[in-house]
Structure formats: C-alpha cells, structure tokens
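A quick write-up on the structure given underneath.
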Amino acid sequence: MDRKLLTADEVRERLRAACSGDQKRWAKEHGISAAYVSDVLNGRREPGKSILGVLRLAKLVLYEELP
C-alpha cells in the first residue's frame, strides 16, 4: 500500500472539499461542532480524531535527526 504524507494545509483542503461549501451541514452530519470545523479550516486548531476519522486520515508525529 502506497502511503502519502500530507501537510496541514493539504488536510485543511481535504476538509474544505469534503464540506462542499456547507461547513455547518457537514459538521452536523458527522456529529462535530460547526465552530470546531471552522477553527480547523481557518488554522486556529488542528484536526482531531473526529475530523481525521471522517476523512480517513491519521496523525503522525515525525522526528528528524539533525546533522
């Protein structure tokens, strides 16, 4: 299985596309606060398990060794 790592901006774009222009409706359909969806879309909060689960994404934390 080929995995693709996404940036925070790409996750927000996926969420924006999933909402299809109606954040409140999408949030209600998925049992998520519309204010929370708005905060994520505007970069004020990171998406948590509720949003990531609907988008079929998982958060990974990576560490890089410095030279």
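Each value in this text was obtained by applying a stated rule to the coordinates, not by laboratory testing. Here the structure is a predicted model, which means the values were calculated and not measured. We place every Cβ from the backbone using ideal geometry, glycine too, and count neighbours over all the protein chains shown.
Could you name the lysines in cross-link range of residue 4, using Cα to Cα under 27 Å and dropping any fewer than eight places away on the same chain?
49, 59
Within a Cβ distance under 14 Å of residue 31, other residues only, what is the Lys/Arg minus Asp/Glu net charge?
Taking every other residue near residue 31 into account, the sum is +3.
Taking the structure as given and computing log10 I(q)/I(0) by the Debye sum over Cα atoms at q = 0.11, 0.28 Å⁻¹, which label from [x] -0.28, -1.39; [y] -0.49, -1.10; [z] -0.28, -1.15 fits?
Checked against the structure: label [x].
Order these peptides, 34-42, 16-24, 56-64, by their mean beta-carbon neighbour count within 10 angstrom, highest first.
Going from most to least packed, we get 34-42, 16-24, 56-64.
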